[in-house]
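Student: What follows is a structure written as structure tokens; I'll ask about it next.
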2 protein chains.
Amino acid sequence: MRLSDRVQAMQNSPIRKFNPMAEEVKAQGTKVYHLNIGQPDIETPSVFWEAIKGFDQKVLAYAESGGLPELQDAIIDYFKRFDMALERKNVLITSGGSEALTLVFLSLLNPGDEVIVPEPYYTNYLTFIQAADGVVKPITTYAEEGFKYAIKERLEKVVTEKTKMISIVNPGNPTGCVLTRDEMRVICDFAKEHDLWILADEVYREFVYDGREMTSFGQFPDVEDRVIVIDSISKRFSACGARIGCLVCKNEEYMAQVMKIAMGRLCCPTLEMVGAAALYRLDPSFFNEVRAEYEHRRNVSYDALKKIPGVVCEKPGGAFYITCKLPVESAEDLLVFLLKEFKENNETVMYAPAEGFYATPGIGKNELRIAYILNADDMARGIALLGKGIEAYKAAGNK
Amino acid sequence: MRLSDRVQAMQNSPIRKFNPMAEEVKAQGTKVYHLNIGQPDIETPSVFWEAIKGFDQKVLAYAESGGLPELQDAIIDYFKRFDMALERKNVLITSGGSEALTLVFLSLLNPGDEVIVPEPYYTNYLTFIQAADGVVKPITTYAEEGFKYAIKERLEKVVTEKTKMISIVNPGNPTGCVLTRDEMRVICDFAKEHDLWILADEVYREFVYDGREMTSFGQFPDVEDRVIVIDSISKRFSACGARIGCLVCKNEEYMAQVMKIAMGRLCCPTLEMVGAAALYRLDPSFFNEVRAEYEHRRNVSYDALKKIPGVVCEKPGGAFYITCKLPVESAEDLLVFLLKEFKENNETVMYAPAEGFYATPGIGKNELRIAYILNADDMARGIALLGKGIEAYKAAGNK
């Protein structure tokens, strides 16, 4: 039977494809520290559960295609913290940030259109762009430089006549790189000069450390017609399984067009939207504790990584990921070794090999991404296991 | 700013686009009988709410990309009623039937590939197919014939070298047409002869009347490699707002490929999957009462429609829709009249004009779809208002 070219060109998620192997190991009684996926262990705030318990309609009916108005309004109020003045028509609720991204690429890209994406990137972007028959044009960034990419000369090198947009995750997944306001200005000017859309995925907005400023691409009025902000409750409120996100844009013509696809898929889950509205209305002080916790975990994780001989990375400024170079040739081969041949006190560790986060062939093979979503003790232990695993891997004759 | 060609080619949902006009009328105090959307008034079964209330995890985490195993297992058991032997790898949980359809078209269609679709069709199919840059090849069906389409000669007329699949909704939306087993055989043989996929959207499977047999395209073993069944809890269990559906296919190579897109979007909402598992485990006797209720509503609705002079339709055999011809030139123009210029006892009625359900230009202008999702009294009243509205429309000089 004949399938589409686009689905055959897609890869299996490098974050999830080793899960079955890990499940086997766990079934045999070995503890696996899961540093491979951005699933926080922080409790979903109680207001979420209470709001859902308070839902008392007898028929779970379709919601509005644009989203429950009470959730749209909560999001509008939330964005006032960033001096953004939105109306309901600027906010489209989606099934997670994932659906928002799918809608954006389907609504902007013709087959062959190019999207500038700093690499390593959140790997599912490749899938979403391929779904729209678009093409990723990578800007390669480097662990040694803290994965910086907002550099005019490097941006200019990858732009072509087919470039339609630049896609940014800020704070960055998988790099933890956080743009300064000056760097955001560079991106904005570049987008204006080449008439590009700016896709700004800011789902980690609150997770910036060392006193860095929280900011949004929605705060640059001169580009508001070309900026699409992606938001999600998954990480911010530790509610990954709710699958509630949104797409925010001040360009009304664009919102009217993308709404046509949104109407086709009818609506997002009603109950989860009710819970999400309560989350967006949490007092901003909620983030102080969460931010402090993640900053602590970052410090512990970074320090533990730096103790492993040959690991290369800069201390990331935000999100909850660290991508680094390992002193091995293949991070994927090492991972299989860790899962199948290594354990200490019946424990081992799992991470996401970073090769699948690059579009440029042949690079990233010796890199990994870890998510510091476990408590500091578990992070320290997981990374110590990585260090010992590398030793054992090399002692077994691997490079 | 430049958008994609595909989004600009899409239409606004003919089912939803008049909602703002209806909201205005209601804000002025007029009651509107909403016969335009398939939102049942039947209560969502209590097991759904209880299952969600019983969910006691502190972190609402990502679920498996293929779906919660407990929901997959409930679906596997459900399909045993139709003699279908499934495993988890054959069942992909999706955000409503809508996402299942999107995944199918993205995974099967290259740009320009054709999908045979009986028209009038569920209008969002057009949007889903356009999202994958596919092309709808309609088989026109007729109210006078009860919208039959499983006729070999008519199928042969629309097949080309670019045809990759035939897309069936059975029982039919918007026509209520139910295939006999012999007709299903015609479709299966046609698909085998031309090496086509069969997309079988069977979300109304239980809603067949007059003693008709419930059946599935999954019950034809000789085509199991080319059949993809779409299912959903929205209509069957009156849980439209849960957005839980699934895609079922015995072709393992296909399931492995479509899973790549599913992994990209991570997962479906966890809580709603927990509730859905309880629904799929409801005793089949649940449907007896629901089916009897819908059959009664269909009878009342059909009788009321036939009392309106000039209305053309056959009695539909399933689902909960009736599509019929009206004695006016434009059902859309009549709808605007009903909403803006007509009321009786401060009440009026709303339906879906059917023109947007046809790909062939110029047909369907004088047709409408109603959903018999209100209680029988309200259906009778709503359709009586339609009859009186047509009288007033013509008396005002309209054709």
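The values are calculated or read from the model by the stated rules, or taken from the named source; none is laboratory data. Model, not experiment: these values are computed from the prediction. Glycine gets a Cβ as well: all are built from the backbone with ideal geometry, and neighbour counts include every protein chain shown. Please note that ligands, DNA and RNA were not included when accessible areas were found on the heavy atoms of the full protein model with its side chains. Shrake-Rupley method; radii C 1.70, N 1.55, O 1.52, S 1.80 Å.
Student: Heavy atoms of the protein only, probe of 1.4 Å, neighbouring chains included. What is the accessible area of A:T180 in Å², nearest 10?
Tutor: 70
Student: Additional query: Suppose each label sits 7 Å from its Cα in the direction of the beta carbon; what would the B:K152-A:E289 distance come out to in nanometres?
Tutor: Reported label-point gap for B:K152 and A:E289 is 7.2 nm.
Student: Using only the alpha-carbon atoms of the range A:126-220 as identical scatterers, what base-10 log of I(q)/I(0) does the Debye formula give at q = 0.22, 0.25 Å⁻¹?
Tutor: Debye output, listed in q order: -1.32, -1.59.
Student: With every protein chain kept in the model, how would you rank A:D83, A:D283 by accessible area, 1.4 Å probe, largest at the top?
Tutor: Working: A:D83 135, A:D283 90 Å².
Accessible-area ranking of A:D83, A:D283, largest first: A:D83, A:D283.
Student: Would you work out the relative contact order for the range A:352-399, in percent, from Cα pairs under 8 angstrom that are 6 or more residues apart?
Tutor: The value is 24 percent.
Student: Top mean-square fluctuation among B:V229, B:V312, B:V59, Gaussian network model of chain B, C-alpha springs under 10 Å?
Tutor: B:V59
Student: With unit charges on the beta carbon (Lys/Arg positive, Asp/Glu negative), name the residue among B:T44, B:A276, B:L3 whose Cα is farthest towards the positive pole of the charge dipole of chain B.
Tutor: B:L3
Student: In the neighborhood of A:G211, defined by Cβ-to-Cβ distances under 12 Å, what is the net charge if each Lys or Arg adds +1 and each Asp or Glu adds -1? Could you put the intermediate results ahead of the total?
Tutor: On the way: positive: A:R212, A:R291; negative: A:D210, A:E213, A:E295.
Here the count lands on -1.
Student: On a 0 to 90 degree scale, rounded to 10, what angle separates helix B:270-280 from the longest Cα axis of chain B?
Tutor: Taking the Cα atoms of chain B, the angle to B:270-280 is about 80 degrees.
Student: Under the convention of a label 7 Å out along Cα→Cβ, give the distances in nm from B:L282 to the same position in every other copy, shortest first.
Tutor: When each copy's label point is compared with this one, the spacings are 3.4 nm.
Student: Restricting to Cα pairs below 8 Å that are 6+ residues apart, what does the relative contact order work out to for the range A:16-170? Please round to a whole percent.
Tutor: It rounds to 16 percent for the range A:16-170.
Student: Still on this structure, I have one more. Any idea how far apart B:T140 and A:E213 come out in nm if each label point goes 7 Å out from Cα toward Cβ?
Tutor: For B:T140 paired with A:E213, the spin-label model returns 6.3 nm.
Student: What are the equivalent ellipsoid semi-axes of the range A:219-267, built from the alpha-carbon gyration tensor (square roots of five times its eigenvalues), in whole angstrom, biggest first? Could you put the intermediate results ahead of the total?
Tutor: On the way: eigenvalues 103, 64, 4 Å².
So the three semi-axes of the range A:219-267 are 23, 18, 4 Å.
Student: Between helix A:252-264 and chain A, what is the angle of the helix's C-alpha long axis to the longest principal axis, kept within 0 to 90° and rounded to the nearest 10?
Tutor: Taking Cα atoms only, the helix is inclined about 70 degrees.
Student: What translational D, rounded to a whole number of µm²/s, comes out for the protein assembly as shown from Stokes-Einstein when the hydrodynamic radius is the Kirkwood one over Cα pairs, at 4 °C and 1.567 mPa s?
Tutor: It diffuses with D of about 47 µm²/s by this estimate.
Student: In what order, largest first, do B:R291, B:R154, A:R181 sit by accessible area if the probe radius is 1.4 Å?
Tutor: A:R181, B:R154, B:R291
Student: Once the Cβ-Cβ distance between B:V336 and B:V312 is put in as r, and R0 is 25 Å, what FRET efficiency do you end up with, to the nearest 0.05?
Tutor: Efficiency computed from Cβ-Cβ geometry: 0.70.
Student: Heavy-atom accessible area of B:K162 with all protein chains present, probe 1.4 Å, nearest 10 Å²?
Tutor: Surface open to solvent at B:K162 totals about 100 Å².
Student: Give me P(r) over the range A:203-323, computed from all C-alpha to C-alpha distances, binned every 10 Å, as integer percentages.
Tutor: It works out to 11, 31, 32, 18, 7, 1, in whole percents.
Student: Per-residue Cβ counts within 10 Å, from other chains only, averaged over A:127-139: what number is that?
Tutor: For this peptide, the per-residue mean of nearby foreign Cβ atoms is 3.
Student: While we're here: With 10 Å bins from zero, work out the P(r) of chain B over every alpha carbon pair and list the percent per bin.
Tutor: Bin by bin from 0 Å, the calculated values are 5, 23, 32, 26, 13, 2, 0.
Student: Hey, for A:R2 with labels 7 Å out along Cα-Cβ, what do the inter-copy distances come to in nm, ordered shortest first?
Tutor: 3.0
Student: Label the range B:280-399 by shape, choosing from rounded, prolate and oblate, from the square roots a ≥ b ≥ c of the eigenvalues of the Cα gyration tensor; if a/c is under 1.5 it is rounded, and otherwise prolate applies when a/b is larger than b/c, oblate when it is not.
Tutor: Values: a/c = 2.32, a/b = 1.63, b/c = 1.43.
Prolate shape, in that a/c is at least 1.5 and a/b is the bigger ratio.
Student: Taking a label point 7 Å from the Cα of A:T360 along the Cα→Cβ vector, which residues of the range A:111-133 have an amide N closer than 16 Å to it?
Tutor: Taking a point 7 Å out along Cα→Cβ of A:T360, the residues of the range A:111-133 whose backbone N falls under 16 Å are A:116-122.
Student: Next question. For B:7-16, what's the mean count of beta carbons from other chains sitting within 10 Å of each residue's beta carbon? Write down the numbers at each step before the final one.
Tutor: Values: counts 12, 3, 1, 9, 3, 6, 7, 1, 2, 8.
Partner Cβ neighbours, averaged per residue: 5.
Student: Still on this structure: Which GluC sites (Glu not before Pro) from the range B:208-289 combine a DSSP loop assignment with at most 14 other Cβ atoms within 10 Å? Numbers along the way, then the final one.
Tutor: Numbers: sites: B:E213, B:E224, B:E252, B:E253, B:E272, B:E289; in loops: B:E213, B:E224.
Here the GluC sites (Glu not before Pro) that fit, given the DSSP loop and packing criteria, are B:E213.
Student: Using a 1.4 Å probe, what is the accessible area per residue for the range B:233-279, in Å²?
Tutor: The answer is 14 Å² per residue.
Student: Next question. Just tell me how shielded B:242-254 is by partners: mean number of partner chain Cβ atoms within 10 Å of each residue's Cβ, no decimals.
Tutor: The shielding value for this peptide is 2.
Student: Calculate for the protein assembly as shown the 222 nm mean residue ellipticity that helices alone would give, adding -39,500 (n - 2.57) per DSSP H run of length 4 or more and normalising by residue count, nearest 500 deg cm²/dmol.
Tutor: Calculated at 222 nm, the ellipticity per residue is -11500 deg cm²/dmol.
Student: Tell me whether the range B:62-203 comes out rounded, prolate or oblate; compute the Cα gyration tensor, take square roots of the eigenvalues as a ≥ b ≥ c, and use a/c under 1.5 as the rounded threshold. Mind dumping the intermediate values first?
Tutor: Values: a/c = 1.84, a/b = 1.43, b/c = 1.29.
Here the range B:62-203 falls in the prolate category.
Student: State in Å² the accessible area per residue of the range B:74-118; use a 1.4 Å probe, count heavy atoms of protein chains only, and round to the nearest integer.
Tutor: Numbers: 1180 Å² over 45 residues.
Accessible surface, normalised per residue, equals 26 Å².
Student: Using only Cα atoms, tell me the angle between helix A:331-340 and the longest principal axis of chain A; keep it within 0 to 90° and round to the nearest 10.
Tutor: 70
Student: Let me test this: with uniform point scatterers at the alpha carbons of the range B:173-239, what is the Debye-based log₁₀ I(q)/I(0) at q = 0.28 1/Å?
Tutor: Calculated log10 I(q)/I(0) at the listed q: -1.35.
Student: Got the relative contact order for chain B handy, in percent, Cα pairs under 8 Å and 6 or more residues apart? Before the final figure, lay out the partial values.
Tutor: Values: 765 pairs, mean separation 100.5, N = 399.
25 percent.
Student: Probe 1.4 Å, all protein chains in place: accessible area of B:R297 in Å², nearest 10?
Tutor: 10
Student: Excluding ligands, DNA and RNA, what is the accessible area buried between chains B and A, summed over both sides, using a 1.4 Å probe, to the nearest 100 Å²?
Tutor: That pair hides around 6500 Å² of surface in total.
Student: Just to verify a number: FRET efficiency for A:E253 and A:K80, C-beta to C-beta distance, R0 = 25 Å, to 0.05?
Tutor: 0.55
Student: Among rounded, prolate and oblate, which fits the range A:1-146 when a ≥ b ≥ c are the square roots of the eigenvalues of its C-alpha gyration tensor, a/c under 1.5 means rounded, and a/b larger than b/c means prolate?
Tutor: Oblate, because a/c is 1.5 or more while a/b does not exceed b/c.
Student: Of all the accessible heavy-atom surface of chain B, with the other protein chains kept in place and a 1.4 Å probe, what percent is carbon and sulfur?
Tutor: 49
Student: Let me ask something additional. For the range B:40-100, taking Cα atoms only, what is the radius of gyration to one decimal and the Dmax to the nearest whole Å?
Tutor: 13.8, 39
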